[in-house]
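Visitor: Have a look at this one before I ask anything.
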Amino acid sequence: MISKKLLNPQSIVIVGGSNETSKPGGKVLQNLLESNFTGDIYVVNPKMDEVQGVKSYLQVEDLPQCDLAILAIAAKYCPHAVEVLAKEKGTGGFIILSAGFGEESEEGARLEKQIVETIHSVNGTLIGPNCTGFLNTNYCGAFDEPRPPLNPKGIEFITGSGATAVFIKEYGMVNGLSFNSVWAVGNSAQTGIEEVLEHLDETFDPEKSSKVIMLYMENIRNPKKLLKHATSLIDKGCKIAAIKSGSSSAGSRAASSHTGALATSDVAVDALFRKAGIVRCHNREELTTVCAIFMHPEVHGKNIAVITHAGGPAVMLTDTLSNGGMNVPHIEGPAADELLTKLFPGSSVGNPIDFLATGTAEQLGIIIDYCNDQFDNIDAMCVIFGSPGLFSNWEVYKVLDEKMKTSKKPIFPILPSIVNVKAEIEDFIQNKHRINFPEECVFGNALTKISNTPKTAPTNSELPQIDAEQIRKVIDNAKNGYISPEEICQLLDAARISRAGEAVVTSREDAVNEAKKLGFPLVMKVVGPVHKSDVGGVVLNVKNVETVAAEFDRMIKIPETTAILMQPMLSGTELFVGAKKEDKFGTMVLAGLGGIFIEVLKDVNAGLAPLSKKEALWMIDHLRGYKILKGVRGQEEVNIDKFVDIIVRVSALVNIAPEIAEMDLNPLLGRKDHVTAVDARIRIEK
């Protein structure tokens with residue numbers, strides 16, 4: 001639990017405070033003095049009696065009792081200061097701005113560990129070290145600027161990078177974002193992003209708490225804790241958007257299976273965020289725009305009215321929304337005809353609703369009223385209104401503000417003329433406390449990203465019935481590495497995953513005998529080599545025993561081959577299901593098009609086990625090749641329900657057997673009456 005002495009201290013000391021506001025110790029003191037903090041403020045500076053008008057003590061031993069300490073001194077002096085403050089001065093909140101700890105050296109890491117142990121001993125809370133600080137509506141304990149507008153209902157911003165936080169705040173503030181708190185956690189020696197989310201979850205008050213959370217993270221230390229508390233917060237009514245950076249090198253690791261190559265740590269992040277219901281963003285503009293949309297009433301539906309006085313931006317926004325899966329539905333009928341009579345000649349109401357460059361504030365109000373009361377096929381409105389510089393927009397923005405207060409449907413203001421009507425937009429943001437979306441396509445992309453992010457996955461979804469006892473028996477007896485075809489068959493049968501009949505043979509005589517039992521035509525595959533096709537280790541459409549004998553003699557000589565696998569020749573659309581254990585995250589399950597398509601198209605989606613049927617269906621529905629599964633150009637469609645069933649069964653299998661490090665079912669063959677596994681590889685790592 002985060003200490004109240006950090007959140008709402010009655011007294012604060014700046015250890016290392018100075019008059020030089022170009023340095024952290026001076027700037028944090030200045031920011032604190034200029035904030036709305038009303039408690040006692042102290043300074044420790046061994047060379048001064050007074051700093052920025054505040055009494056200065058020569059050493060921490062001389063201080064009175066103090067709730068919160070902000071340290072801006074060299075790393076080597078911090079452990080002693082923390083020891084005295086925690087043990088003698090009743091300090092429970094610590095913000096260490098200083099660098100030179102675990103991010104720099106082993107000695108720094110040792111100092112960091114010592115500090116954390118001391119703070120733990122008094123049930124205190126540490127932000128940092130190596131951070132820009134912390135601020136909320138009670139005080140500013142950060143040295144960076146700008147200090148954003150603070151509002152108890154504003155955004156909770158948690159960041160692993162103080163410098164990045166500056167740029168995110170700047171971009172958001174310009175367009176009207178306000179904040180409830182900014183947590184720059186730095187090294188996260190004790191309190192990281194996951195711990196802050198835990199605190200927000202456990203203290204959540206539906207009446208008083210902020211409902212918008214913004215995250216910037218460069219690593220996820222505890223994915224399961226993040227998933228638990230993000231899911232809980234979103235289920236309570238919060239909305240979360242996040243950047244997870246540092247993904248570009250994730251796919252460079254060598255992998256011995258298709259799943260291993262595709263299931264990178266960045267794919268795991270996508271799967272984690274999707275399971276939690278977090279909207280993943282990839283840059284500051286996107287992050288702040290998504291959070292700005294979150295600050296408005298939620299859009300229930302995909303039908304958007306684009307209201308504009310300029311054709312070009314409306315067309316671009318319409319394209320962006322439509323390409324992202326939202327609708328700009330045609331508006332027609334008696335009410336539309338009636339609305340048209342209230343606008344200037346040349347206007348159009350088909351959607352976009354274009355009331356021309358000469359359109360008035362009164363006409364805007366009328367259009368919004370019709371969208372609210374007359375057009376049932378509209379769920380939200382986007383209002384694009386700038387200025388060519390011929391007249392002011394005061395009245396237009398006044399009407400827009402008033403309509404936003406009473407509208408039954410969300411209204412998003414897109415005010416692009418940040419130069420021509422700068423004063424009016426500043427008034428709209430600062431005095432009317434509104435948020436502006438200055439670029440229509442940035443807004444459109446953010447809105448579609450929100451719409452396409454699934455709701456939180458159920459935490460107690462029912463898993464299919466499988467033979468857990470048999471699965472554990474096979475796993476416990478298996479050795480590390482790729483397991484034998486016989487063991488694979490036992491696992492698939494225990495998980496009740498449909499598979500083709502097969503035989504594994506090591507002699508020509510056995511091959512001929514098993515071929516007669518299985519029936520023709522047959523498929524013959526080598527057992528051993530990773531990529532069978534590349535070494536000539538797959539033969540299709542074997543129709544007689546003479547070919548079986550000849551191919552056995554040839555294939556058994558292929559390097560690394562230990563046996564030959566024989567199966568009936570089946571047909572259908574090639575599908576893929578795989579699984580891979582990802583450090584800290586658990587096991588990912590992947591699904592998509594199989595066969596050679598997985599190598600060429602890499603059209604797969606991933607989810608974190610265990611998966612519900614709803615999650616598995618989302619993975620299938622959002623494949624680029626989904627229409628192939630539904631049958632195109634006379635092809636037989638794939639039974640989606642059975643495909644979903646296999647995905648959740650693989651999910652249940654790896655849930656019982658977390659020792660499965662990598663697993664490929666490739667291909668599965670899908671038809672309208674069945675989905676059957678015809679080839680599989682499973683690697684165990686205990």
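Visitor: Would you work out if the range 523-678 is rounded, prolate or oblate? Take a ≥ b ≥ c from the square roots of the eigenvalues of the alpha-carbon gyration tensor; rounded if a/c is under 1.5, else prolate when a/b is larger than b/c, oblate otherwise.
Guide: Oblate is the answer for the range 523-678, as a/c is 1.5 or above yet b/c matches or exceeds a/b.
Visitor: Tally Lys and Arg at +1 and Asp and Glu at -1 over the other residues with C-beta under 12 Å from the C-beta of F552: what net charge comes out?
Guide: Summing Lys/Arg as +1 and Asp/Glu as -1 gives -2.
Visitor: May I pose another question? With r defined as the distance between the Cβ atoms of S22 and E202 and R0 fixed at 56 Å, what FRET efficiency is calculated, to the nearest 0.05?
Guide: 0.90
Visitor: Moving on. Would you mind checking which residues have amide H under 5 Å from Q10's amide H? H placed 1.01 Å from N; only 5 or more apart, or other chain.
Guide: The list, which skips near neighbours in sequence, is D67.
Visitor: Next question. Which shape class applies to the chain: rounded if a/c is under 1.5, otherwise prolate when a/b exceeds b/c and oblate if not, where a ≥ b ≥ c are the square roots of the Cα gyration tensor eigenvalues?
Guide: It is oblate, given that a/c is not under 1.5 and a/b is not larger than b/c.
Visitor: Related question: Please turn the phi angles of the range 518-535 into ³J(HN,Hα) values with the Karplus equation 6.51 cos²θ - 1.76 cosθ + 1.60 (θ = phi - 60°), one per residue in order, whole Hz, x for glycine and proline.
Guide: Values per residue, Gly and Pro as x: 6, x, 9, x, 10, 10, 10, 9, 6, 9, x, x, 5, 9, 4, 4, 5, 10 Hz.
Visitor: So, one more: Given the -39500 (n - 2.57) contribution per DSSP H run of 4+ residues, what per-residue ellipticity at 222 nm results for the chain, rounded to the nearest 500 deg cm²/dmol?
Guide: That calculation yields -11000 deg cm²/dmol at 222 nm.
Visitor: Can I ask one more? Which of the listed residues, G39, T191, T573, is farthest toward the dipole's positive end in the chain, when Lys, Arg count +1 and Asp, Glu count -1 at the beta-carbon?
Guide: T573
Visitor: Residue by residue through the range 411-417, what is 3J(HN,Hα) from phi via Karplus (6.51 cos²θ - 1.76 cosθ + 1.60, θ = phi - 60°)? Round to whole Hz and write x for glycine and proline.
Guide: So the Karplus estimates, Gly and Pro as x, are 10, 10, x, 10, 10, x, 7 Hz.
Visitor: Return the distance in nm (one decimal) between the two label points of a simple spin-label model at N541 and E685, each offset 7 Å from Cα along Cα→Cβ.
Guide: That separation, rounded to one decimal, is 4.0 nm.
Visitor: Please go through the range 533-588 and write out the trypsin sites (Lys or Arg not before Pro) that DSSP classes as loop and that have at most 15 other C-beta atoms within 10 Å.
Guide: When the trypsin sites (Lys or Arg not before Pro) of the range 533-588 are filtered for loop state and at most 15 Cβ neighbours within 10 Å, K543, K557, K584 remain.
Visitor: Spelling out what I want: for every residue of the range 540-556, take phi, set θ = phi - 60°, compute 6.51 cos²θ - 1.76 cosθ + 1.60 (Karplus), and round to whole Hz; glycine and proline get x.
Guide: Taking θ as phi minus 60°, the curve returns 9, 6, 6, 10, 7, 5, 4, 5, 4, 5, 5, 5, 4, 4, 6, 6, 5 Hz for the range 540-556.
Visitor: Turning to a different aspect of this structure: Can you say what percent of the DSSP beta bridges in the chain, counting only those with both residues inside, are antiparallel? Round to 5.
Guide: In the chain, approximately 50 percent of DSSP beta bridges are antiparallel ones.
Visitor: Taking the dipole about the Cα centre of the range 573-684, with the C-beta of Lys and Arg at +1 and of Asp and Glu at -1, give me whichever of I620, F643, L608 is farthest to the positive side.
Guide: Selected residue: I620.
Visitor: On to the next question. Specify the angular offset, from 0 to 90 degrees and rounded to the nearest 10, of the alpha carbon long axis of helix 394-406 from the longest principal axis of the alpha carbons in the chain.
Guide: Rounded to the nearest ten degrees, it is 60.
Visitor: Taking 8 Å as the Cα distance limit and 6 or more residues as the minimum spacing, I'd like the relative contact order of the chain as a percentage.
Guide: Value for the chain: 9 percent.
Visitor: Excluding same-chain residues fewer than 8 positions from K473, which aspartates and glutamates have a Cα within less than 17 Å of its Cα?
Guide: E486, E487, D493, E659, E685
Visitor: Another question, if that's okay. What do you get for the angle between helix 265-276 and the principal long axis of the chain? Use alpha-carbon atoms, 0 to 90 degrees, nearest ten.
Guide: The answer is roughly 70 degrees.
Visitor: How much net charge surrounds Y57 when only the other residues with a Cβ under 15 Å from the Cβ of Y57 are counted, with Lys and Arg +1 and Asp and Glu -1?
Guide: So the surrounding residues net to -3.
Visitor: Using a 7 Å offset from Cα along Cα-Cβ at E104, what residues in the range 156-180 end up with backbone N under 19 Å from the label point?
Guide: 161-163
Visitor: Once you've got the Cα coordinates, tell me which of K239/K422; K228/K479; K455/K584; K76/K225; K211/K302; K208/K408 are over 26 Å apart.
Guide: Beyond 26 Å between Cα atoms: K239/K422; K228/K479; K76/K225.
Visitor: Would you please give the residues with an amide H less than 5 Å from that of L150, counting only those at least 5 places away or on a separate chain, with H modeled from the backbone geometry?
Guide: Residues meeting the criterion, in which the H sits 1.01 Å from N, are F179.
Visitor: Could I ask something else about it? At 7 Å along Cα-to-Cβ for each site, give me the label-to-label distance between T38 and S498 in nm.
Guide: For the pair T38/S498, the computed spacing is 7.1 nm.
Visitor: Give the angle, between 0 and 90 degrees and rounded to the nearest 10, that separates the Cα long axis of helix 24-34 from the longest principal axis of the Cα atoms of the chain.
Guide: Between helix and principal axis, roughly 60 degrees.
Visitor: Calculate the spin-label point distance for E362 paired with N513, positioning each point 7 Å from the Cα along the beta-carbon direction, and give it in nanometres.
Guide: Inter-label distance under the simple model: 9.8 nm.
Visitor: Another question, if that's okay. Quick one: which residues, 5 or more positions from G141 or on another chain, have an amide H under 5 Å from its amide H? H modelled 1.01 Å from N in the peptide plane, none for Pro or chain starts.
Guide: Amide H neighbours of G141: F134, L135, N136.
Where a number appears in this text, it was derived from the coordinates with a stated rule and is not lab data. Because the structure is a prediction, the values reported are computed rather than measured. No Cβ is skipped: glycine too gets one built from the backbone with ideal geometry, and neighbour counts run over all protein chains shown.
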